[in-house]
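One structure is given below, encoded as structure tokens.
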Amino acid sequence: MPTSEVAVAADRRQQTPAGRPEQAPAGHQEQTPAGHQEQTPAGRPEPVIRAEAVVAGYGAAIIVREVSITAGPGEVVTVVGPNGSGKSTLLKTLAGLITARAGHIWHGDADVTALPAEARARRGIAYLPQEREVFASLTVRENLLMGGYGLSRRALKAALERAHGTYPALSHLARTPAGRLSGGERKTVALARVMMSSPSVVLLDEPTASLAPMPSAQLLEQDVPALAAAGVAVILVEQRAVQAIAVSDWVYVLVGGAVELHGQAREIGARGDIGAVFLGANSDHAAVSGGAPLPGPAGDTEPGGNAAVSQEEAPQ
Ligand SMILES: Nc1ncnc2c1ncn2[C@@H]1O[C@H](COP(=O)(O)OP(=O)(O)OP(=O)(O)O)[C@@H](O)[C@H]1O
Ligand SMILES: [Mg+2]
């Protein structure tokens, strides 16, 4: 199966174009909820986290509709979609803050669907919500030490070295109270703190949300890839879709709580119709139709390489 294909979910059913592999461990055959056999695309690592047909919501409202998503070690997997499409709800479900009503979530070989958030965090599934940053009154070093709470002295030292190795810019800020840092630096500290617990999965909800374009670019182009380079499976939710897709391996487009489209990041980034996919559910995204790059919240219009691609797979 070529890895270059991009899948579009027809009518938001669990269907994919003929022959398109769904999410499953590399090289494995798997029974999908729709009942057909599908394969993982060659070239993707064995998933460390895998959601299968997950359904979740609040009260009577179903928000996440049979979503299947995977991420492997070293991958940046980005979830984009219109406001209110369920991206944060999906991340919370993966983190265990919301219990899936149907489907399964696997962490490695373990079914963690019923595990609470704390247990998932202990297993190495780290979640960084948009609003949580740093302890402002503590120094950068103290913030990092908090991230390594419970580690032995030796493990703590190793974790600090690893965090500083991944984010060298923090070294000269070690004694600075985090409250005095810029927004971008605070985000870097938050990522470094997450690193301290040696997670295998990091779930990032809109890390650039409150940042100006420059620190956003730094975060997406350097800090997030650095996490993946350390072997972490990163699932990133981002409004700055063009920039996020540019640093991602795999992309899922969530519309109305369902995966409308997913595929290799460079294929998705090259499509001219992602705006139209967004448009299907949210007219706020009208500006991104017609092959224009997807804007971020601050109107980032970085050239996205939206060269024409086959429209055969466009949603009907
Ligand atoms: N705690 C909650 N209780 C009830 N409904 C909620 C709750 N949180 C979110 N929702 C609803 O779930 C839907 C999806 O919200 P969610 O925050 O997952 O979307 P999102 O894709 O992350 O949006 P955004 O891009 O604006 O962050 C929305 O209709 C929202 O109103
Ligand atoms: Mg959100």
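Readers should treat all values here as calculations from the given coordinates under stated rules, not as data from a laboratory. All of these numbers come straight from a predicted model, not from anything done at the bench. Backbone-built Cβ (ideal geometry, glycine too); neighbour counts: all protein chains shown.
Being in contact (Cβ under 8 Å) with a residue 60 or more places away in the chain, touching a Phe, Trp or Tyr at 6+ places or on another chain (Cβ under 8 Å) and closer than 20 Å to E46 by Cβ is the filter here, so list the residues in the range 88-112 that pass it.
Residues of the range 88-112 in contact (Cβ under 8 Å) with a residue 60 or more places away in the chain: 88-91, 94-95, 103, 107-108.
Checking which are touching a Phe, Trp or Tyr at 6+ places or on another chain (Cβ under 8 Å) leaves us with 89, 91, 94-95.
The one that is in contact (Cβ under 8 Å) with a residue 60 or more places away in the chain, touching a Phe, Trp or Tyr at 6+ places or on another chain (Cβ under 8 Å) and closer than 20 Å to E46 by Cβ: L94.
For residues in the range 82-97 being within 9 Å of ligand 2 (Cβ to nearest atom) and in a loop (DSSP other than H, G, I, E, B), which is nearest to R122 (Cα to Cα)?
G86
If we scan the range 74-85, do we find a residue that is within 9 Å of ligand 1 (Cβ to nearest atom), over 20 Å from E46 (Cα atoms), surrounded by fewer than 21 Cβ atoms within 10 Å (Cβ to Cβ) and not polar (S, T, N, Q)?
Within the range 74-85, one or more residues are within 9 Å of ligand 1 (Cβ to nearest atom), over 20 Å from E46 (Cα atoms), surrounded by fewer than 21 Cβ atoms within 10 Å (Cβ to Cβ) and not polar (S, T, N, Q).
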